[in-house]
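These notes concern the structure reproduced below.
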Amino acid sequence: MIKITKRAELPKKQEALINSIAIFFSIVCAGLVILILGYNPVKVFQQIIVGALGTEMRIQQTIVKAIPLLITSLGIAIAFKMKFWNIGGEGQIIMGAFGASLVALNIPPTVPSVLTLLAMAGSAIIFGGLWAFIPAFFKAKMGTNETIFTLMMNYIAIKWVTYLQYGPWKDPASQGFPKIANFKANAILPSLFGVHIGWIIAVVLVVLVYIFMNHTKKGFEIAVVGESLETARYAGMNINSVIITAMLVSGGLCGLAGMIQASAIERTLTHALSGGYGFTAIITTWLGRLSPPLIMFVCFAFAVLIQGGAYLQIAMSVPAAVADMIQGIILFFVLGSEFFLLYKIGFDRKSVKKEVA
Amino acid sequence: MTAFLAATVVAGTPLLFATLGELITEKAGNLNLGVEGMMLMGAVMGFAVGLCTGNPYLALLGAIGAGAAGAAIYAILTVLLRTNQVVTGLTLTIFGTGFASFVGKSFMGVPAPATVKSLFGTVEIPVLSKISVIGPMFFQQDIFIYFGYIVTICTSLYLWRTKKGLNLKAVGENAAAADASGINVNLYKYVHIILGGALCGLGGAYMSLVTVPVWQENVVAGRGWIAVALVIFASWKPSKALIGAFLFGGLNILGYRLQSMGIHISQYIVDMVPYLATILIVIISTRKNRKEDMGPADLSNPYFREDR
C-alpha cells in the first residue's frame, strides 16, 4: 500500500533539495515543450538569461518589471497571511493609479516635484486601500466571500478607467486618439542608477513589511486571525478591525504599485496599466511562501522570465506567447512540488503484512 | 428589438457553456479560476481543427479536448497534489492565454472556414419559433444554441434527479462525509472538473467560430471571468445560469445598441453592470443566508483523507 502522510517541519536542506528538483524538472519539461514546438531549448533558455541579464540596460529593464510585481506581492502577502484571498490586486493597482492621476492631472506644474509625488502616493494608497476596504468591510460585517468580491472589483476598476480614457478624461490634444493627457514633469518619478526610484521604495517596503508581519502586534494579530478565528476571538482580538486594517494596508500597497507604474512607466493613466501584475503577484506571493525576502527573490526570477521572454521575440523570433507557456509550465511544476514538501510518500509495511496474513 | 433579443442569446451562449462548466466544477468542491484559459484553449483548438479539416464536428471535438486537457492539468494539481486552487486556476489562465496566442499565431485575422460555419446556420424549430418574441429570440437560432438548452436541462436533471448528481453535491458539500459514505471523492472530482473544462472549451470555440468569427488575439475577451461571476449570480443552479447568461450576454452588446438609438451611455459603464450585479448577489445571498443560495460548503477546501 502506498501511504501518504503529512510531514512535520522539513529540515531546510531537504526543502531546498525538493525545491531544486522541482525547478529542474520544470525546466526539463518546459524544454521538451520547446523542443516539440521546434526550437532549441538550450538556446531558448540561454537567450532568456541573456535577454534579462546580458547587459546593464537589460538588467535595468528586468528590475523595472520586478518593481510593481514585488510591491503588489507584498500587499497580497499581508492579506493571504490572514487567509483573506485578495485576488483584487489588479483593481487595486488601477485604482491607485487613478488616485495618483487625479493629483497629477490637476496639480499646477509649478508645485515642486517632491510634494507632487508625495501627494500622488498618498492619493494612490487611499484609493487602492479603499478598493480593498469595500470587500473587507463586507467580509468583516457579513462574512461575504472575498475571492469573488475582490475579483469583481478588478473589472469594475478596469472598466471605470477605460470609461475615463475613452470619455471624460480623453486628452483633447491627442486628436481623437483615446488616451489620457501625459503627466507634467513634476509628476514623474526620478531615477537612480538608471532605474526609477520605485526600486528603492520596493526594497524599503520589503524590510517594512517583514517587520510589520513578524515584529508588530498588528502583524501578529493578522497571523492569528489567519490561523484560527476561534483563537483570535478567544484571545479577545477585534477581528473586524484586524481584517479591515490588513486589507487597507494590502490595498494601499497595491495602489502604490499603481502610482509607480503610472508615474514612472506610462507617465499617464491607461486601462491596461496593471498589465496582469495583480494576478501574477498572487502566484509570486504564494511561491514566496508569504515571506517578504523570499517574495523578493521569486519576483526577480519572474521578472527575468518576463523580460527574457520579451527578448526571445527579438533575438530568435520566438513568439512572446511561448514565454507565457513556459511560465505556465514552470509554475505548474513548482506548485505541484509543494506536495512533496508537505507530505511524505512511503510504503506502509504494516498494512502490506496484514494483507499477506 | 427582436433582433436585439436574438443577438442577446447568441452573445450569451458562450457564457452559458462556460458557466455550466464552472458550475459542475464547483459542485465537486473545486473553484477553478482557469475558465478564461480553458475557453481560450478551446477557442484556438476549435478554430485550428476547423481550419485544417473543415469539419465542424471535429472542430468542436478539438475544443472539447483542449478544454478538458486544461482542466485535467488543474485536476491533477489540485486533487492529487493538493495545490492551492486559486493559484492553480490563475496559472492555468496564464498558460491557456499563452497557448492560444501561440497556436493562433499562424492564422491571425483568418476568418473561420465556411464549411465549419455551415453547421451554425439558423434552424427554425417548428411551432415554437412561431410564438411571438420568444420564438425569434430562442427558437430561430443555430443548433449549438439548442444544444446549450439541452445541456442546461441535462445538468439540472443530473444534479437533482440522479444518484450520481446527488453524490456529486455531497462531495462538494462535505467531502469527508461523502467519503465516509463510500463515494469515491477523488474520482468524482476528476470527472467533473474535466467535464467542466470540456464545456468551457466548447464555449470558447463558439466565440472563435461563430460570435466573432475571425481568429484574433484574446478572442474570449474576459468572458471566462464573467462566467465565474455568473455561477454565483445563478446561485449554482443551471436554470438560473441560463437566464443569467443571456442577461449578461445582452449587457455585453447593450451599450452599442443604446448608442445607435441615440442614448449616450458608455459601453464601459454598461460593462460594469454584470460585475456590480454579481457583487450585489453575493451580498444579498450572504445576508439572507439561505442554504440553497449558497455555494457548496466545501468549495476550495482541498480534501485529504488522512487529514480527518
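The values are calculated or read from the model by the stated rules, or taken from the named source; none is laboratory data. What you see is a predicted model; the values in this text were computed from it and never measured. Positions of Cβ are backbone-derived with ideal geometry, glycine not excepted, and every protein chain shown enters the neighbour counts.
Figures for the structure shown
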{"item": "Only one of A:179, A:139, A:159, A:184 that is closer than 30 Å to residue A:58 by Cα, charged (D, E, K, R) and touching an Asp or Glu at 6+ places or on another chain (Cβ under 9 Å)", "result": "A:179"}
{"item": "Every residue from region A:283-294 that is buried (at least 20 other Cβ atoms within 10 Å of the Cβ), assigned to a helix (DSSP H, G or I) and not aromatic (Phe, Trp, Tyr)", "result": "A:283, A:284, A:285, A:287, A:292"}
{"item": "Any chance residue B:50 is within 13 Å of another protein chain (Cβ to nearest Cβ), at pLDDT 90 or above, assigned to a helix (DSSP H, G or I) and under 16 Å from residue B:207 (Cα atoms)", "result": "no"}
{"item": "Matching residues, region A:244-282, being small (Gly, Ala, Ser) and surrounded by fewer than 24 Cβ atoms within 10 Å (Cβ to Cβ)", "result": "A:264, A:272, A:275, A:276"}
{"item": "Residues located in region B:203-246, provided they are aliphatic (A, V, I, L, M) and closer than 15 Å to residue B:148 by Cα", "result": "B:205, B:207, B:210, B:227, B:241, B:242, B:243, B:245"}
{"item": "Which listed residue is within 14 Å of chain A (Cβ to nearest Cβ) and surrounded by 13 or more Cβ atoms within 10 Å (Cβ to Cβ), from B:135, B:98", "result": "B:98"}
{"item": "Residue within region B:106-123 that is out of contact with any Pro (no Cβ under 6 Å at 6 or more places or on another chain), surrounded by 13 or more Cβ atoms within 10 Å (Cβ to Cβ), within 14 Å of chain A (Cβ to nearest Cβ) and under 24 Å from residue B:58 (Cα atoms) present", "result": "yes"}
{"item": "Single residue of A:33, A:103, A:44, A:111 found to be modelled with pLDDT under 85, out of contact with any strand residue (DSSP E or B) (no Cβ under 9 Å at 6 or more places or on another chain) and assigned by TED's automatic domain parsing to the domain that holds residue A:284", "result": "A:111"}
{"item": "Exclusive hit being in a helix (DSSP H, G or I) and more than 14 Å from chain B (Cβ to nearest Cβ), set A:111, A:28, A:44", "result": "A:28"}
{"item": "Residue selected from region A:162-199 under the condition part of a loop (DSSP other than H, G, I, E, B), among the aromatic types (Phe, Trp, Tyr) and surrounded by 13 or more Cβ atoms within 10 Å (Cβ to Cβ), by the criterion nearest to the other protein chains (Cβ to nearest Cβ)", "result": "A:169"}
{"item": "Residue B:251 being buried (at least 20 other Cβ atoms within 10 Å of the Cβ), within 14 Å of another protein chain (Cβ to nearest Cβ) and without any contact (Cβ under 8 Å) to a residue 40 or more places away in the chain", "result": "yes"}
{"item": "Of residues in region A:308-353 being outside any helix (DSSP H, G or I) and aliphatic (A, V, I, L, M), the one modelled with the highest pLDDT", "result": "A:318"}
{"item": "Qualifying residue in region B:58-71 (condition: over 21 Å from the mean Cα position of the chain (by Cα) and more than 8 Å from chain A (Cβ to nearest Cβ))", "result": "no"}
{"item": "Members of region A:76-88 found to be at pLDDT 90 or above and over 14 Å from residue A:225 (Cβ atoms), listed by number", "result": "A:76, A:77"}
{"item": "Any hit, region B:29-41, residues being within 14 Å of chain A (Cβ to nearest Cβ), more than 18 Å from residue B:222 (Cβ to Cβ) and touching a strand residue (DSSP E or B) at 6+ places or on another chain (Cβ under 9 Å)", "result": "no"}
{"item": "Checking residue B:119 against (1) part of a helix (DSSP H, G or I); (2) free of Cβ contacts under 8 Å to residues at least 12 places away in the same chain, the condition it does not meet", "result": "(2)"}
{"item": "Some residue of region A:230-241 being in a helix (DSSP H, G or I), surrounded by fewer than 17 Cβ atoms within 10 Å (Cβ to Cβ) and among the acidic types (Asp, Glu)", "result": "yes"}
{"item": "Scan of region A:331-346 for residues that are more than 9 Å from every other protein chain (Cβ to nearest Cβ) and either buried (at least 21 other Cβ atoms within 10 Å of the Cβ) or in contact with a strand residue (DSSP E or B) (Cβ under 6 Å, 6 or more places away or on another chain) (or both), ordered by number", "result": "A:344, A:345, A:346"}
{"item": "Region A:254-302: number of residues that are of a type in the set (Ser, Thr, Tyr) and either within 11 Å of chain B (Cβ to nearest Cβ) or within 10 Å of the chain's Cα centre (by Cα) (or both)", "result": "4"}
{"item": "Answer from B:239, B:260 - the residue that is polar (S, T, N, Q) and within 15 Å of residue B:12 (Cα to Cα)", "result": "B:239"}
{"item": "Options A:126, A:94: the member that is in contact with a His (Cβ under 9 Å, 6 or more places away or on another chain), modelled with pLDDT of 90 or more and of a type in the set (Val, Ile, Thr)", "result": "A:94"}
{"item": "Any hit, region A:53-69, residues being within 14 Å of another protein chain (Cβ to nearest Cβ) and closer than 17 Å to residue A:296 by Cα", "result": "yes"}
{"item": "Among residues of region A:295-317, those that are under 20 Å from residue A:212 (Cα atoms) and either touching an Asp or Glu at 6+ places or on another chain (Cβ under 8 Å) or surrounded by fewer than 17 Cβ atoms within 10 Å (Cβ to Cβ) (or both), counted", "result": "1"}
